[in-house]
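Report on one structure; see the data block that follows.
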Amino acid sequence: MLSFSGEPVSTALLDVDAVAAELAATSAADLALLGRLIAAVSTRLALACARRHFGRVGVTQTDYAALPSGRNQHHRREMPVWLKHWPVTTLTSVTLDDVLLDTDDYQLDDRRALWRMDGTGYRCGWNGGKLVTVYDGGYDLPSGAPADLADLAMELVRGGWHSAQRDPMIRAQDIPGVLSTQFWVGTPSDLVGGLTEVQASVLDNYRNHTFG
């Protein structure tokens, strides 16, 4: 369970002025359309990665029954708890069953994997019923968006922009959804959830892991 403190400065993966310059959009109506397209694409990609958004914000994450698989104490798998609004920029506190842990009791790896430490410098399995982690996570958007994610967002926004220019092959479109455009011709067979397989593969780098 995630609880956000406040709102991020931005949740947009792209800067509207930069996109407008690339697409030679100048009118107020064009800028408004691009703003809606960018917002819709940013939300669509975040939801596809099991996130609310990618923006940097303070987070309190609560995990219950944070136990590795297996009942035998000696056969527990060493597994991290995955912090869901990553990358983590600041790890403020970790509390296990209402006990505040010392920094030597845990270790953050790859800015998202929270490991339990056994006190001798080795990782061990989490053992407890409730784990509360407080941290800052996410990207400083739009300038801090990862390049591949921003490129994918730009590709989708560009497609939505050109579709809005009254493509005669379009019979219906839903700009808020961006990817729900309906064509008079058949849909390509390689689309995955509205994205091509190549586009969907970019999101594999940003999807949330599950614990267990």
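Yes/no matrix, rows are residues, columns are (1) over 21 Å from Leu13 (Cβ atoms); (2) in the same structural domain as Leu100 (by TED's automatic domain parsing); (3) modelled with pLDDT under 55:
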residue: Leu149; (1), (2), (3): no, no, no
residue: Leu156; (1), (2), (3): no, no, no
residue: Gly160; (1), (2), (3): no, no, no
residue: Ile170; (1), (2), (3): yes, no, yes
residue: Ile175; (1), (2), (3): no, no, no
residue: Thr181; (1), (2), (3): no, no, yes
residue: Thr196; (1), (2), (3): no, no, no
residue: Gly212; (1), (2), (3): yes, no, yes
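Counting only strands (runs of 3 or more DSSP E) that fall entirely inside the stretch 92-146 and contain at least 3 residues that are in contact (Cβ under 8 Å) with a residue 40 or more places away in the chain, the qualifying elements are 130-137.
Of all residues in the stretch 15-58, exactly one satisfies the criterion of being surrounded by fewer than 15 Cβ atoms within 10 Å (Cβ to Cβ), within 30 Å of Leu131 (Cα to Cα) and among the small types (Gly, Ala, Ser), namely Ala50.
Ala113 - would you say it is outside the structural domain of Met79 (by TED's automatic domain parsing), under 24 Å from the mean Cα position of the chain (by Cα) and either more than 14 Å from Trp86 (Cβ to Cβ) or not charged (D, E, K, R) (or both)? Judged against the criteria, Ala113 is not a match. What number of residues in the stretch 79-91 are of a type outside the set (Ser, Thr, Tyr) and in a strand (DSSP E or B)? Within the stretch 79-91, residues that are of a type outside the set (Ser, Thr, Tyr) and in a strand (DSSP E or B) number 4. Among the residues making up the stretch 82-116, those that are of a type in the set (Val, Ile, Thr) and under 22 Å from Gly55 (Cβ atoms) are Val88, Thr89, Thr90, Thr92.
Take the residues in the stretch 59-86 that are surrounded by fewer than 19 Cβ atoms within 10 Å (Cβ to Cβ) and modelled with pLDDT of 95 or more; name whichever of them is farthest from Val132 (Cα to Cα). Top of the filtered list is Thr60. Every condition in (1) touching a strand residue (DSSP E or B) at 6+ places or on another chain (Cβ under 8 Å); (2) of a type in the set (Lys, Arg); (3) at pLDDT below 95 holds for Arg51 except the one numbered (1).
The values are calculated or read from the model by the stated rules, or taken from the named source; none is laboratory data. Computed from a predicted structure; not experimentally measured. Please note: Cβ atoms are built from the backbone with ideal geometry, for glycine as well, and neighbour counts cover all protein chains shown.
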